[in-house]
Amino acid sequence: MTTTLSPVTLKAVDGPGQPQRTPALEDLYRGFEQELLVPLWTEIGDLMPTSPRPAAQAHLWRWQNLLRLAERSGDLVPVGRGGERRAIALANPGLGGAPYATPTLWAAIQYLNPREDAPVHRHTQHAFRFVVEGEGVWTVVDGDPVAMRRGDFLLTPGWRFHGHHNQADQPMAWLDGLDIPFVHQVGSAFFELGPDEVSDRSTPARSRAERLWAHPGLRPVSQPGPTPSSPIAAYRWEHTDAALTEQLALDDEGYPGVVEPGHAAVRFTNPTTGGDVMPTIRAEMHRLRPGATTATRREVGSAVWQVFDGTGTVRVGEREWQVGRGDLVAVPSWVPLTISAGSGLDLFRFSDTPIFERLHADRVQVEGAPA
């Protein structure tokens, strides 16, 4: 069987450092095209810029608009095999229509009708849920039912069977975050169907994973060694809220603990390593006092921020928005970010930072800090 290769197209480049365009050079370029070759000298400006030039754009999605469309989807689109989930992904306007919030991060609103099930499956992509509002859904991860409530951060590490069931008489929506774009780009995705319904329809207040692992500073001796992702199924809002409250209280008392004046933050961690909850995703919660403003910060790698509560202003590069509960903002790589609180502001953030740290390609710049 003969394989026909589609020739590449070289762009004409004139300017300093470029050879003079002659018939012989044009003939050389046609030879490159036929053999699927591209010379560095015509591409170096794009391939090796002096600083990152992300294709992704800073963008805002209004939660109320997402929720309205999710509710309409609940009326029109069933949940079952084939579609698997009623999840609606954020599509960054700079990524050519791909269903990606950033080049490495997927973010979606997922919606489940009253008394509805989402079938069981598993995939190599790492996933989490963050609940902006509502309750009544349990996600069942490897047979362990995990309650989903406002403010909770819940993990579904890669290759764990999971399904959802809504036990309430009201619908529920939440944020899904995954590393789908990264896994897709590197060609490492696997997917497998499980049962059509969850295996355990019980509704415990705490999952078995929480009962074993979610005790401050303590780990079970029966479970030695590190795990790739955190074994804690849910990080509950009451603990996150208390930690942020205490940081600001210590700041009031003149003791260290906050990131900067008026800005408390916590990172969700894997208790077996002290590192990030999943190999490809970092997750944090931030709280700004009323009137507080962060330093302007830029870093290699992208992030998505969601307002949990309060109001404020988010500035990303040259774009600026007034934000409120549930609103989502994409922050591309190396684009400066500044956040200001109005009536106080709680924000959930997830990013691809662990990927860049493992590659030793991470870099952070804070305005006013020493270079």
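Put a plus charge on the Cβ of each Lys and Arg, a minus charge on the Cβ of each Asp and Glu, and nothing anywhere else: the dipole of the chain about its Cα centre is then about 180 debye. For the range 310-366, carbon and sulfur atoms together expose 48% of the accessible surface, with a 1.4 angstrom probe and every protein chain in place. Among Leu178, Leu347, Leu359, the largest mean-square fluctuation in a Gaussian network model of the chain, built with springs joining Cα atoms closer than 10 Å, belongs to Leu359.
Comparing Val314, Val186, Val335 in a Gaussian network model of the chain, where Cα atoms under 10 Å apart are tied by springs, the biggest mean-square fluctuation is seen for Val186.
Inter-label distance, His360 to Asp75: 5.7 nm, where each label sits 7 Å from its Cα along the C-beta direction.
Rounded to the nearest 10 square angstrom, Thr102 shows an accessible area of 0 square angstrom against a 1.4 Å probe. Spin-label model, Leu25 to Arg62: label points 7 Å out along the Cα-to-beta-carbon direction sit 5.2 nm apart.
Using +1 at the C-beta of Lys and Arg and -1 at the C-beta of Asp and Glu, which of Thr280, Val307, Gly254 has the Cα lying farthest in the positive direction of the dipole of the chain? After comparing all options, I get Val307. Between Ala108, Ala98, Ala147, the GNM of the chain built on Cα springs shorter than 10 angstrom shows Ala98 fluctuating the most.
For Gln125, the residues whose amide H sits under 5 Å from its own are Trp159, Phe190, ignoring neighbours fewer than 5 places away on the same chain, with H placed 1.01 Å from N. Taking only protein heavy atoms and a 1.4 Å probe, the accessible area of the range 65-116 is 56% carbon and sulfur.
Calculated FRET efficiency, Ile44 to Thr273, Cβ-Cβ distance, R0 = 30 Å: about 0.15 to the nearest 0.05. At a probe radius of 1.4 angstrom, the accessible area of the range 1-154 per residue rounds to 52 square angstrom. Rolling a 1.4 angstrom probe over the protein heavy atoms with all chains in place gives the range 245-371 an accessible area of 44 Å² per residue. Taking 0.36 nm per residue of separation and subtracting the current Cα-Cα distance, fully stretching the chain between Asp241 and Leu37 would add 67.9 nm. The packing ranking, built from the mean of other Cβ atoms within 10 Å per residue, places the peptides 214-225, 323-334 in the order 323-334, 214-225, highest first.
The values are calculated or read from the model by the stated rules, or taken from the named source; none is laboratory data. The structure displayed is predicted, hence computed values, not measured ones. For neighbour counting, all protein chains shown are included, and Cβ atoms are generated from backbone atoms with ideal geometry for every residue, glycine included. Note: accessible area is taken over every heavy atom of the protein model, side chains too, but ligands, DNA and RNA are not part of it. Shrake-Rupley method; radii C 1.70, N 1.55, O 1.52, S 1.80 Å.
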